[in-house]
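A.B. asks: I'd like to ask some things about the structure below.
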Amino acid sequence: CIGIISADGFLIGETVTGMLSSFISQKVPSWLVLDVVHHNKKALTRQMIYDASKMKASVDDKTITNNPDQGSVEGLENLNTAIRHFLRSGSEIYDFGVSVVLVAKTRSDLIEAQEYLISNLNTLVGIEHAKENLALWKQFKRLSPGSGQTNRRLVTMDEQNAADLMPLNGPYKGQEERVSILE
């Protein structure tokens, strides 16, 4: 029996060093699938500025009501904060996805392992999770180890937050066994 649990979101700024250990402490054999996409910072910043200008126009539009949608106001504030941060800091921008593929001998063992993993994830601040299933076949297939495809549940974050999850820059210090396959 095979099951997949994916991180469906991280609160930006809430990543901490070593938090991936909550994903890998399992009762059954498992694979930890990490997807990292490094963005072109200039292109993404331009896109964020464009999105902010569209959101600002929406907030300023008084055609229907004088009171703007509160979600749009907060979204604009968050987007402007992110733009300022990326323009002022030298940090790079990444999309990051984390999933765990669980392999159990019986369905009851799989359910127990999934519940154990979810209880571990519930101790982390700001992580939502999703149980992948065969109804979402394309996503399930994307998360299969060695598929070479990218997870659809990616979160955009800056280098400091992503580095808590996986070292992104620096010399390779070596390992006795292979621990990851990077495209």
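A.B. asks: Of all the accessible heavy-atom surface of the chain, with the other protein chains kept in place and a 1.4 Å probe, what percent is carbon and sulfur?
C.D. replies: 52
A.B. asks: Calculate log10 I(q)/I(0) of region 77-166 for q = 0.20, 0.23 Å⁻¹, where I(q) comes from the Debye formula with a single equal point scatterer on each Cα and nothing for solvent.
C.D. replies: -1.11, -1.27
A.B. asks: Heads up, I need the accessible area for Val73: 1.4 angstrom probe, whole protein in place, Å², nearest 10.
C.D. replies: Looks like 30 Å² after rounding.
A.B. asks: What does the accessible area per residue of the chain come to in Å², with a 1.4 Å probe and no ligands, DNA or RNA counted?
C.D. replies: For the chain, the per-residue accessible area is 64 Å².
A.B. asks: Lysine pairs in the chain 8 or more apart or on different chains: how many have alpha carbons under 18 angstrom apart?
C.D. replies: Lysine pairs, 8 or more places apart or on different chains, close enough: 4.
A.B. asks: Could you compute Rg(Cα) / (2.2 N^0.38 Å) for region 1-133, with N its residue count? Don't skip to the answer; put the middle values down first.
C.D. replies: Values: Rg = 19.6 Å, N = 133, 2.2 N^0.38 = 14.1 Å.
Relative to the 2.2 N^0.38 Å estimate, region 1-133 comes out at 1.39.
A.B. asks: Further, regarding this structure: Given contacts defined as C-alpha pairs under 8 Å and at least six residues apart, what's the relative contact order of the chain, whole-number percent? All intermediate terms of the calculation are to be shown ahead of the outcome.
C.D. replies: Details: 251 pairs, mean separation 78.0, N = 183.
Relative contact order here is 43 percent.
A.B. asks: Give the residue from Gln114, Leu102, Thr15 lying farthest towards the positive end of the charge dipole for the chain; charges sit on Cβ (+1 for Lys and Arg, -1 for Asp and Glu) and the dipole is referred to the Cα centre.
C.D. replies: Of the candidates, Leu102 comes out farthest on the positive side.
A.B. asks: Now for a separate question. Leaving ligands and nucleic acids out of the surface, order Ile4, Ile24, Ile111 by accessible area at 1.4 Å, largest first.
C.D. replies: Ile24, Ile111, Ile4
The values are calculated or read from the model by the stated rules, or taken from the named source; none is laboratory data. The structure displayed is predicted, hence computed values, not measured ones. FYI the Cβ positions are ideal-geometry reconstructions off the backbone, even for glycines, and counts take in every protein chain you see. Accessible surface is based on the protein model in full, side chains and every heavy atom, while ligands, DNA and RNA are left aside. Shrake-Rupley method; radii C 1.70, N 1.55, O 1.52, S 1.80 Å.
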